[in-house]
Structures are given as structure tokens and as C-alpha cells.
Amino acid sequence: MPFVATNPATEAVLAEYPSLSNAELDAALQRSHEAYLAWRATPMSKREELLNRAAELLESEVPVVGELMTSEMGKTFAAAKGEAAKCAMTMRYYAEHAGRMLVEESVATSGSRSGLRYDPIGVIFAVMPWNFPLWQVVRMAVPTIMAGNVVAFKHAPNVPGSARYLEDLFLRAGFPAGVLASLFVEVDQVAGIIADDRVKGVSLTGSERAGRSIAAEAGKNLKKCVLELGGSDPFIIGASANLDHTVPLAVTARVQNNGQACIASKRYLVVRERADEFLERFVAEMAAVKVGDPMDPATGLGPLVSRAQRDLLAAQVSTSLAQGAIALTGGAPIEGTGFYYPATVLVDVPRDSRAGCEELFGPVAVVRVVDDLEAAIDEANNTPWGLGGSIWAEDQAEIDAAIKGLDVGMVFANAIVVSMPELPFGGTKNSGFGRELSTYGAREFTNAKSFFVA
Ligand code: NAP
């Protein structure tokens, strides 16, 4: 089946790319394997030079690649340009810091010389989602490549232009062919790739369903696996929250990327004494979010990525409303061309309804009122996921209680949860395992090899 890019704002087909035959896939893996044999011996200074060159090219092309991403998956043009700039910034960060993160370490023992090295392991296969078409790949691939590995990635089939752009960017920057390779392959070719002897590790960013399947294949083949999966991040409004600061960011946290971010806030847990004030202001600001053409600078919320994704969200909400949930704003899809859904706030959501127990991958916020911060933390932890979470409070004791008490991979206070190259990114429970970014991400696909000289 070809990879087909469709503009979710206009429903027009943009381009089609043929998928790889098994013979073409075999040749691509061989190219990656041979690239690895040379790349692992390439000095860090050369890797840094090439990565800086890629960053420079990307910086000069931000509007072009921004428009490409907007047309393929509907994020606002402003968000797409921000994503491209963040990718370039992260490349520069790793060009500056990867050498330090991966340097050989001495450890004092009874020997004359001992320590550990972080050696690359080979071709790493990555399966990627469409929601941040450039960033997801860069976040996984840049640290992995700087460690001396090569990356072959299967992107989501609806963002083939973005996949091609990234592969081409690395080639134009001077990276040898096969260091970063896009594979247009089908899901039924994935198990064979993971089993291939030339592939030494696998990484997925995507749904829990895909995570279970990829982890099973990796397990069968005893290969290292990193999973960045879904979440239902809590946004906790504590008693001491400054609502002037909190409310606008509560809206952004839900509608960013048209509501389609793993780390978007999805459950708003507000302590009773601040509930009326928060709800009134939050609902008013959610209702004011302008929905429309993602290329228009005034737009706050573009379309969802596909008809299927919009219909899924609509069904999750409508069945929950039928079970007793109440929509204080939004609550039904917008008819007409494009896969639009308005910013929505739900209260009184039954726990056994779909909005009460499934991830909502669109601009729908569930608000629950809780007695106090302790109850908020208990409620926040009462899910199968543990990706990120945020606490909004002026009181340091409230902040510290949330940082300590939340069973998640990342806690932010008075700021929206974001990924940044300096800090590890990843989750607990069904949100996956392993880490990307920071020193941890740079070392995920390395052999931490001990040495001891008597
Ligand atoms: P998805 O359906 O899992 O797709 C992600 C990628 O996995 C696509 O390339 C997809 O290919 C592939 N895939 C799906 N099923 C597979 C299987 N059984 N075996 C191998 N590959 C498979 O996820 P999505 O709906 O596109 O993305 C949304 C989900 O990803 C949400 O749950 C979101 O929270 C999560 N996410 C997590 C992070 C994170 O960093 N933790 C970041 C972004 C998104 P096909 O499309 O060809 O099936």
C-alpha cells in the first residue's frame, strides 16, 4: 500500500509514496549496516561538525518544512515552525554535549586502570508517530546517532513528506547514506525488521497497542527496546495556585498540537476551594479558542489529523455524555470540510465511560474536583499511565508534595510539561520504559562496557 499524505484541513490528497518491497527493504538494511561499520569509527569531532551543519540547514528552512508539516497533519503553522526550530536547537545541543555524555569514564578499583566505555551497538530501528513529524524522530535519532549507531525509521504513513525531508536533510548535511534512513514499510514488515540480525535495537513512540506488539517482537528476539507510549497527564490546581498564570496555560496545555500530544494535560484536578473560580475562567478561555485554518496566525486549534481520529474522539465524548457527563463547552464535531473538533470541557465524567478511562487524543479536557492536594495526587496516580504531570501552586510545600507523590516520569511546576534536551523524557507504567534525551537518551542504545586492568 502506498503512503498517502492528505491535508486534514482541506481533505485534499497531497502526495503518494510507494512502500518498499521486501527486496528493497533488505537492500536498505544492508546500506544501514554498512553505514554503521564506518560511522562507529567516525570521530566525535566529525559527528559534531555534521550535526551542526544539519542544524544550520534546518534553521534556514524553518518556514518551508513548517508548511510541509502543517499540510500533512494539521498543526498550526506557528507550532510547526516552533517544532522545526526546536529540532535545530536540539541538534546544536547534542553537537556541543554528546562528547561529554559519552566519554570513557574511569572508576577506581583494585586494578591499575578500570572504568567503562559507551560503545555503539549497531542499526537501531525506530517506529514513529505523526503528531510531531520532525521532533519525534530527532528526539530519538540524534542522541542515538551521536553515540555511533545508525537509525532506520518507519514513520507514520500520513507524514511521508516529513520523513523524506529528514532523511534528505542529513544527506545534504554530509552524513553518509544509511546513518539516518527512512523506510516506507508496512506494519506487517515490522516483525521481520526487528528479527533481522543487522538490527540491534528498537524504539517506538506511539500507542500502547503498538507498544505491546513491538515489545513482544523485541522480547522474542532478545533485543533492547525503548517505548514512549500514551498518557493521560494530570494538571493539578493546588490551593495556592495563581490563576492569572495558570488558566491561560491550562488552555494551551490541552489544545497544543490540536490536542494531539502524549504529554498534553488531559485530566484537570482542582482542589474544591479553587474549583468554581478555575472552572469559570477555564471554560470561558477554552470556548474562546479560535478553530480554523492552521495556516492562519489567528488560529489556536487546527483540524485533527484524520477523519478516523476525529470520529474516535467524537465517539469517546458522545458515549460519555450519554452516560451522564456534561460538556460545559464544545462536545460535538464541527461539520464541513476538514476534521475539526472544538475545544471541549467535560465535568461529571463517569469513571467507566470512555472519557473517564481512555486517552483523549484531541482538545477535550476532563475536570474533576477533589478535596485537597493529597486527593489530587491519589486521583492523578489512579490511571494505567504515568507519562508526565504538572502542579500549579505558589506554595513550595505543595510543589514538593506533587514532585514526590506523582507516579510519572516527568513533573513540572507552574509550567507545561515539555521535552527538552537537558532532561530525560519518558514514562512509567503503561506509558512505556526507557528514556530519550539528556545523558540517559544518549546512552540508551550503547553497550556500557566495563574494563579492568590488573
Ligand atoms: P500508533 O497507532 O501506535 O502509531 C505509531 C506508529 O506505530 C506508526 O508508525 C504506526 O504505523 C506504528 N504501528 C502501529 N501499530 C503497530 C504494530 N502493531 N506494530 C508495529 N508498528 C505499529 O499511534 P498513533 O495513534 O499514531 O499516535 C498516538 C499515540 O502515540 C497516543 O497514544 C500518544 O499518546 C502516543 N504518543 C506517545 C509519545 C511519547 O513520547 N510518549 C509521543 C507521541 C505520541 P501505522 O500507522 O502504519 O499503523
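The values are calculated or read from the model by the stated rules, or taken from the named source; none is laboratory data. Computed from a predicted structure; not experimentally measured. Please note: Cβ atoms are built from the backbone with ideal geometry, for glycine as well, and neighbour counts cover all protein chains shown.
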Worksheet entry | Near pairs, Cβ below 7 angstrom, 6+ apart or cross-chain, from the stretch 135-160 (hydrophobic (A, V, I, L, M, F, W, C)) to any residue that is in a helix (DSSP H, G or I) and within 12 Å of the ligand (Cβ to nearest atom) | Phe153/Val137; Val159/Met73
Worksheet, complete the sentence: Among Glu186, Glu208, the single one that is in contact with a Ser or Thr (Cβ under 7 Å, 6 or more places away or on another chain) and among the acidic types (Asp, Glu) is Glu186
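In this structure, does Arg310 turn out to be in contact with a Phe, Trp or Tyr (Cβ under 7 Å, 6 or more places away or on another chain) and closer than 25 Å to Asn7 by Cα? Full working, then the answer.
Numbers: in contact with a Phe, Trp or Tyr (Cβ under 7 Å, 6 or more places away or on another chain): yes; closer than 25 Å to Asn7 by Cα: yes.
In short, yes.
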Practice prompt. Filter the strands (runs of 3 or more DSSP E) completely within the stretch 98-154 down to those with at least 3 residues that are within 16 Å of the ligand (Cβ to nearest atom).
Written response: 123-127, 150-154
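What do you reckon, is Asp400 at pLDDT 95 or above, part of a helix (DSSP H, G or I), more than 18 Å from the chain's Cα centre (by Cα) and not assigned by TED's automatic domain parsing to the domain that holds Glu96?
Details: at pLDDT 95 or above: yes; part of a helix (DSSP H, G or I): yes; more than 18 Å from the chain's Cα centre (by Cα): yes; not assigned by TED's automatic domain parsing to the domain that holds Glu96: yes.
It is true that Asp400 is at pLDDT 95 or above, part of a helix (DSSP H, G or I), more than 18 Å from the chain's Cα centre (by Cα) and not assigned by TED's automatic domain parsing to the domain that holds Glu96.
If you check Leu166 against the conditions, is it surrounded by 20 or more Cβ atoms within 10 Å (Cβ to Cβ), out of contact with any strand residue (DSSP E or B) (no Cβ under 6 Å at 6 or more places or on another chain) and assigned to a helix (DSSP H, G or I)? So that I can check it myself, show each step before the final result.
Numbers: surrounded by 20 or more Cβ atoms within 10 Å (Cβ to Cβ): yes; out of contact with any strand residue (DSSP E or B) (no Cβ under 6 Å at 6 or more places or on another chain): yes; assigned to a helix (DSSP H, G or I): yes.
So Leu166 fits the description; yes.
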Item to complete: Scan the stretch 1-40 for residues that are without any contact (Cβ under 8 Å) to a residue 12 or more places away in the chain and in a loop (DSSP other than H, G, I, E, B) and report the count.
Response: 2
Fill in: Restricting the stretch 200-254 to residues that are more than 10 Å from the ligand (Cβ to nearest atom) and charged (D, E, K, R), the residue that is nearest to Trp392 (Cα to Cα)
Asp244
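Of the residues Val345, Val367, Val418, which single one is part of a loop (DSSP other than H, G, I, E, B) and either within 16 Å of the ligand (Cβ to nearest atom) or buried (at least 22 other Cβ atoms within 10 Å of the Cβ) (or both)? Give the steps one after another, and end with the answer.
Values: Val345 fails: part of a loop (DSSP other than H, G, I, E, B); Val367 fails: part of a loop (DSSP other than H, G, I, E, B).
Of the residues listed, the single one that is part of a loop (DSSP other than H, G, I, E, B) and either within 16 Å of the ligand (Cβ to nearest atom) or buried (at least 22 other Cβ atoms within 10 Å of the Cβ) (or both) is Val418.
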Worksheet item: Which numbered condition trips up Gly405, out of (1) in contact with a helix residue (DSSP H, G or I) (Cβ under 6 Å, 6 or more places away or on another chain); (2) away from the ligand (no atom under 11 Å from the Cβ); (3) closer than 30 Å to Val150 by Cβ?
Response: (3)
Discussion item. Against the conditions (1) surrounded by 24 or more Cβ atoms within 10 Å (Cβ to Cβ); (2) under 25 Å from Ala35 (Cβ atoms); (3) not acidic (Asp, Glu), where does Ala80 fall short? Just the number, please.
Written reply: (2)
Worksheet item: In the stretch 325-342, what residues are without any contact (Cβ under 8 Å) to a residue 24 or more places away in the chain, assigned to a loop (DSSP other than H, G, I, E, B) and in contact with a strand residue (DSSP E or B) (Cβ under 8 Å, 6 or more places away or on another chain)?
Response: Gly331
Item to complete: Of the numbered conditions (1) in a loop (DSSP other than H, G, I, E, B); (2) of a type in the set (Asp, Glu); (3) within 24 Å of the chain's Cα centre (by Cα), Glu72 fails exactly one; give the number of that condition.
Response: (1)
Response to the item:
When every residue in the stretch 163-188 that is among the small types (Gly, Ala, Ser) and away from the ligand (no atom under 12 Å from the Cβ) is compared, the one farthest from Val137 (Cα to Cα) is Gly174
